[in-house]
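To keep things clear, I will list the structure first and then write my remarks on it.
The values are calculated or read from the model by the stated rules, or taken from the named source; none is laboratory data. Owing to the predicted nature of the structure, the values given are computational and were not obtained by experimental measurement. Cβ placement follows ideal geometry from the backbone for every residue including glycine, while neighbour counts extend to all protein chains displayed.
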Amino acid sequence: MPALPDSPPDTLARLRAGALQGATHLDLRHCGLQALPPEVLALADTLAVLDVSDNTLTDLPDGLAACTRLHTLFASNNRFTTLPPVLGRLSALDTLGFKANRITRVPAEALAPTLRWLILTDNQVAELPVTLARCTRLQKLMLAGNRLTRLPPGLAALQRLELVRLSANRFATVADALPMDLLALPRLAWLAHGGNPHGLAVERRAEQADPVPHIAWPRLQMQGLLGEGASGHIHAAVLDDGAAAQPVAVKLFKGAVTSDGLPASEMAASIAAGTHPHLVGVLGRISAHPAGRHGLVMRRVPPQCRALAGPPSMQSCSRDVYVPGLRLTALRASAIAQAIASALAHLHARGLAHGDLYAHNILVDEAGTCLLSDLGAASFLPVDDPVTATALRRLDWRAYAVLVDELATRCDAPQALQPWRRQAADHGA
């Protein structure tokens, strides 16, 4: 979930003193709130963005409906058990984040039809109301880590929906998790559904059928932190390989539900993906960690590699954010398109859908390195359901088509990308 810029530590005191009249953005994270301060409602005519995450809130007042300009509301890491019904009366509500609460109930009236981005990750929601189908502007729907066993009817109305996260729920069958009216949506391109009962056996079998070496923790000399993702920390390390020392990267999983799903599902997919010149690739899995943590040993990416783009922002919603003014030669853009098409075809041949094919998950450098990374949203294709498997592959190719269009927009000779546009169209039809 995108973060708002930090506010001064005295924001709450200034709010209560009436010193924030006319404010459009209000950050009340980590303020020890048990109830929304009534002074917030005094900003009803101007308030556009409100973040009350990391408090102990359990409800929101009905008077919040008077905030007719409020388009973004984050209330993650609180103690809500019901999604507040007043949210459905916020006439401008666009982005709503209630991650990591205790929500079991989503009332029909709580879903504003204006929503474009809904985040209910890591709650206890067992059922969604049919009013979800009224949210026809919806582009991103984040539902990982709940207790859903089915999706509500009427999903065919969500014609703008592009990204869905359904991992780590309680879907017993593929049909429950992936009804055809969902898979048939014309813009859907990024979908995660791993870690559900219908696929856990497949994940375990795939991992056991294609094991990677176990690498004992004492063989690794840990170095600095390279980065942190939703599912874990990535460290530089050196692997004692007997005759030689090999530079590697070590990913230690956090163990919690992420926006994409379960770390165990990511581990299984990473192992099943095998090796390919345009995938980061797994060398082994860690054993004998002193704290019992799970982890993977991966090849070390060249230090000059950088993500091709940044992840989506609150404004771009489902589209990556590129460095302003980025220009690519026809040769480089074509090389990236070719590399990613090859990596994607390899994953599909290995029985996997990537689920998150984005430029921010592509690592490149000036020397021509191009690696598709991050299998946190990957899922295993159902071997006994070829229709669904074909639909899941089609979604990946639709995401690839978005990537090619983004490359062409930044390419000095966009016509050079035409062969890859055709390939995306052929696979995504």
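Here is a list of conditions, (1) assigned to a strand (DSSP E or B); (2) loosely packed, with under 14 Cβ neighbours inside 10 Å, and LEU331 meets all of them except one; can you say which number that is?
Tallying (1) assigned to a strand (DSSP E or B); (2) loosely packed, with under 14 Cβ neighbours inside 10 Å, LEU331 fails exactly one: (1).
Pairs please, first residue from the range 150-171 and within 25 Å of LEU375 (Cα to Cα), second anywhere and part of a helix (DSSP H, G or I), Cβ atoms under 6 Å, 6+ apart in sequence or on different chains.
From the range 150-171, the pairs are ARG150/ASP176; LEU166/ALA177; PHE171/ALA177; PHE171/HIS198.
Take the residues in the range 136-161 that are assigned to a loop (DSSP other than H, G, I, E, B) and among the basic types (Lys, Arg), then tell me which one is farthest from SER265 (Cα to Cα).
Per the criteria, the residue is ARG137.
Yes or no: the range 168-181 includes at least one residue that is at pLDDT 95 or above and either closer than 24 Å to ARG319 by Cα or assigned by TED's automatic domain parsing to the domain that holds ALA389 (or both).
Yes: the range 168-181 contains one or more residues that are at pLDDT 95 or above and either closer than 24 Å to ARG319 by Cα or assigned by TED's automatic domain parsing to the domain that holds ALA389 (or both).
What pairs can you find where one residue is in the range 61-74 and in the same structural domain as LEU120 (by TED's automatic domain parsing) and assigned to a strand (DSSP E or B), the other is of a type in the set (D, E, K, R) and surrounded by fewer than 24 Cβ atoms within 10 Å (Cβ to Cβ), and their Cβ atoms are less than 6 Å apart, with a gap of 6+ or different chains?
Listed by first residue and then by second, the contacts come to PHE74/ASP51.
At least 3 residues that are under 20 Å from the mean Cα position of the chain (by Cα) and surrounded by 19 or more Cβ atoms within 10 Å (Cβ to Cβ) in each: list the strands (runs of 3 or more DSSP E) lying fully within the range 181-286 that qualify.
Because the criterion is at least 3 residues that are under 20 Å from the mean Cα position of the chain (by Cα) and surrounded by 19 or more Cβ atoms within 10 Å (Cβ to Cβ), the strands (runs of 3 or more DSSP E) in the range 181-286 that meet it are 190-192, 245-253.
Quick one: is TYR400 buried (at least 23 other Cβ atoms within 10 Å of the Cβ), touching an Asp or Glu at 6+ places or on another chain (Cβ under 6 Å), modelled with pLDDT of 95 or more and not assigned by TED's automatic domain parsing to the domain that holds ARG219?
No, not satisfied.
(1) in contact (Cβ under 8 Å) with a residue 24 or more places away in the chain; (2) buried (at least 16 other Cβ atoms within 10 Å of the Cβ); (3) under 24 Å from GLU109 (Cβ atoms); (4) more than 15 Å from the chain's Cα centre (by Cα): which one isn't true of LEU143, the others all being true?
(4)
Given the criteria under 30 Å from ALA126 (Cα atoms), touching a residue at least 12 places away in the same chain (Cβ under 8 Å) and touching a Lys or Arg at 6+ places or on another chain (Cβ under 7 Å), does PRO197 qualify?
yes
Specify the residue that is farthest from MET180 (Cα to Cα); the eligible residues are those in the range 351-406 that are hydroxyl-bearing (Ser, Thr, Tyr) and in a helix (DSSP H, G or I).
Among them, the one singled out is TYR400.
Taking the range 275-313, which residues are of a type in the set (Gly, Ala, Ser) and either over 22 Å from LEU220 (Cβ atoms) or free of Cβ contacts under 8 Å to residues at least 12 places away in the same chain (or both)?
Residues satisfying the conditions are ALA291, GLY292, ALA307, ALA309, GLY310, SER313.
Considering only the range 166-180, state which residues are under 27 Å from ALA401 (Cβ atoms), surrounded by fewer than 16 Cβ atoms within 10 Å (Cβ to Cβ) and small (Gly, Ala, Ser).
Correct list: ALA175 only.
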